[in-house]
Amino acid sequence: MLRLASVTMALALLVSANASPASAQQELTPKQTQIVKTVNTVFTAAQADDTTLFDSVLAPNFYIFDGGARFNGDSIMAFIKAQHRAGKRYEWSITEPDVHISGKTAWIAYINKGRITDASGTIDQQWLESAFLEKQAGSWKIVFMHSTRVPMASQKDRKQ
């Protein structure tokens with residue numbers, strides 16, 4: 001009985017030593033890196049109001065769920081441009097990407113860590129996001145995205 005307990009303990013220690021936490025950074029293959037770069041192109045284009053670059057990585061039937069609404073490529077860019085005209089600036093950064101590729105389709109989930117700047121100042125913000133991509137004519141195109149803003153801690157929580 002003591003021997004069985006020792007073997008069980010040794011196996012438990014071995015498994016826990018080799019387990020990686022869910023938040024650990026995934027080491028990306030070159031193909032997975034292409035997926036991250038494709039999604040990052042959306043952010044680069046949106047920050048610069050570059051509709052041509054934005055459209056270059058979107059599938060013709062693209063849409064996104066963001067802020068409780070459905071947008072297509074034109075409507076999300078119009079929304080972002082209106083935010084820029086109102087003095088808001090966004091910074092976005094893909095962190096902790098979890099990328100899966102199967103043939104001509106891929107999906108990515110990640111934490112978007114960024115900032116929102118306006119006349120009142122700058123606040124750090126995070127979004128939980130995902131995207132579905134399809135390889136079309138040799139290039140990855142984004143078919144669908146989803147973005148959920150991580151709620152900010154209340155002022156009361158920050159003071160504690």
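From the list LEU53, LEU133, the one residue that fits, being in contact with a strand residue (DSSP E or B) (Cβ under 6 Å, 6 or more places away or on another chain) and either of a type in the set (A, V, I, L, M) or farther than 17 Å from VAL42 by Cβ (or both), is LEU133. Here is the figure for region 43-66: residues that are charged (D, E, K, R) and assigned to a strand (DSSP E or B) total 1.
Here is a yes/no grid of residues against (1) touching a residue at least 24 places away in the same chain (Cβ under 8 Å); (2) open to solvent by 50 Å² or more (accessible area, probe 1.4 Å); (3) among the polar types (S, T, N, Q):
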site	(1), (2), (3)
SER75	no, no, yes
HIS84	yes, no, no
GLY87	yes, no, no
ASP98	yes, yes, no
SER102	no, yes, yes
THR105	yes, no, yes
ARG115	yes, yes, no
GLN125	yes, no, yes
TRP140	yes, no, no
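Residue-wise test of (1) at pLDDT 95 or above; (2) within 24 Å of GLU134 (Cα to Cα).
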site: LEU13; (1), (2): no, no
site: THR29; (1), (2): yes, yes
site: GLN34; (1), (2): yes, yes
site: PHE62; (1), (2): yes, yes
site: PHE65; (1), (2): yes, yes
site: ALA69; (1), (2): yes, yes
site: LYS81; (1), (2): yes, no
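Among residues of region 107-131 being among the polar types (S, T, N, Q) and out of contact with any Gly (no Cβ under 8 Å at 6 or more places or on another chain), the one that is farthest from GLU27 (Cα to Cα) is SER120. Within region 35-43, at least one residue is open to solvent by less than 60 Å² (accessible area, probe 1.4 Å), among the hydroxyl-bearing types (Ser, Thr, Tyr), under 23 Å from VAL143 (Cα atoms) and in contact (Cβ under 8 Å) with a residue 40 or more places away in the chain.
The values are calculated or read from the model by the stated rules, or taken from the named source; none is laboratory data. Note that this is a predicted model, so its numbers are computed, not measured. Cβ sites come from the backbone with ideal geometry, for glycine too, and all protein chains shown count toward neighbours. For the accessible areas, the whole protein counts, side chains as well, though only heavy atoms, and no ligand, DNA or RNA atoms are used. Shrake-Rupley method; radii C 1.70, N 1.55, O 1.52, S 1.80 Å.
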